[in-house]
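Structure first, commentary second.
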Amino acid sequence: MSDLMLMCVLAFLAGMMNAAVGGGGLLQIPSLFSLMPAHTPIATVMGTNKFASVCGTLTSGWQYVRKIPVPWKMLLPAAVLAALTSFGGSMLVTHIPVQWFKPFILLVLVVMAVYTFCKKDFGQSQRTSALSKNELYVGLACGALIGFYDGVIGPGTGSFLTFMFIRLFAFDFLTAVASSKIINITTNLAALSFFVPHGYILWAWAIPLAAANLCGGFAGTRIALKGGTRFLRYGFMVLLVILIGKFAWDLLPLLQAA
């Protein structure tokens with residue numbers, strides 16, 4: 001019970017972090033692996049995490065789209081593709097050695113961090129023109145790619161989406177974060193459509209963690225909307241540094257073995 005109570009506090013913080021700048025899985029997933037009962041299967045940990053996090057993402061996504069206009073024409077079909085690839089990734093989560101992906105992901109994160117730091121106006125200006133036909137296709141491709149990543153690995157999904165929306169479509173940070181929530185919601189629901197029927201959720205943990213994550217998502221969204229694009233830019237850079245540290249730490253044993 002004490003472990004569950006501690007995990008609820010961490011789930012609240014993860015929901016708040018995820019709503020404000022993304023990356024809540026960086027806190028929630030390692031905490032679940034540490035605090036959930038011993039010998040819990042990996043798929044059950046991931047399923048429990050998805051159930052909790054989708055509640056926070058739904059809360060923050062609803063608050064964002066009520067106040068921030070988002071490009072629904074691109075987001076809805078991209079979300080459908082992301083859901084399909086996320087479902088496929090969830091089916092492969094116990095079969096694909098995640099270590100194969102981590103060196104490439106680490107390199108991408110470093111490039112993202114350097115680019116965001118050097119480009120001072122990154123995500124600071126609001127786009128007013130409509131998306132072109134080619135941009136709609138790019139959005140579909142991004143949705144499919146990130147959906148698969150979310151199903152297989154998970155942490156950093158919101159960060160990748162935010163970066164892509166700003167870099168490829170010239171969105172401001174608030175619009176990019178709001179748009180990323182739409183994709184995140186569908187990928188989480190798609191993953192759950194695999195985890196739930198196969199019994200990969202520990203409900204005694206998932207339900208209280210979902211409530212905590214929901215409250216955190218509500219608080220984090222209010223902070224982000226109040227802070228604006230400048231706050232989100234700084235928060236995004238901090239998150240990228242944390243992600244880089246996390247993936248570098250994961251790769252350290254492989255480098256030492258080599």
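Six or more apart or on different chains, Cβ under 7 Å: which pairs go from a residue in the range 192-217 that's over 15 Å from MET7 (Cβ atoms) and touching a residue at least 24 places away in the same chain (Cβ under 8 Å) to one that's open to solvent by less than 30 Å² (accessible area, probe 1.4 Å) and part of a loop (DSSP other than H, G, I, E, B)? Could you list them?
PHE195/ILE201
Checking the structure you have, find out if any residue of the range 35-55 is of a type in the set (Ser, Thr, Tyr) and over 16 Å from the mean Cα position of the chain (by Cα).
Yes.
Of the residues that sit in the range 84-100 and are of a type outside the set (S, T, N, Q) and at pLDDT 65 or above, which one is surrounded by the fewest Cβ atoms within 10 Å (Cβ to Cβ)?
Among them, the one singled out is HIS95.
Taking the options LEU75, LEU58, LEU10, name whichever one is closer than 21 Å to SER179 by Cβ and open to solvent by 30 Å² or more (accessible area, probe 1.4 Å).
Matching residue, one of LEU75, LEU58, LEU10: LEU58.
The values are calculated or read from the model by the stated rules, or taken from the named source; none is laboratory data. All values derive from a computational prediction rather than experimental measurement. Because the Cβ atoms are built from the backbone with ideal geometry, glycine has one as well, and the counts that use them run over all protein chains shown. Side chains included, ligands, DNA and RNA excluded: accessible areas come from the protein's heavy atoms. Shrake-Rupley method; radii C 1.70, N 1.55, O 1.52, S 1.80 Å.
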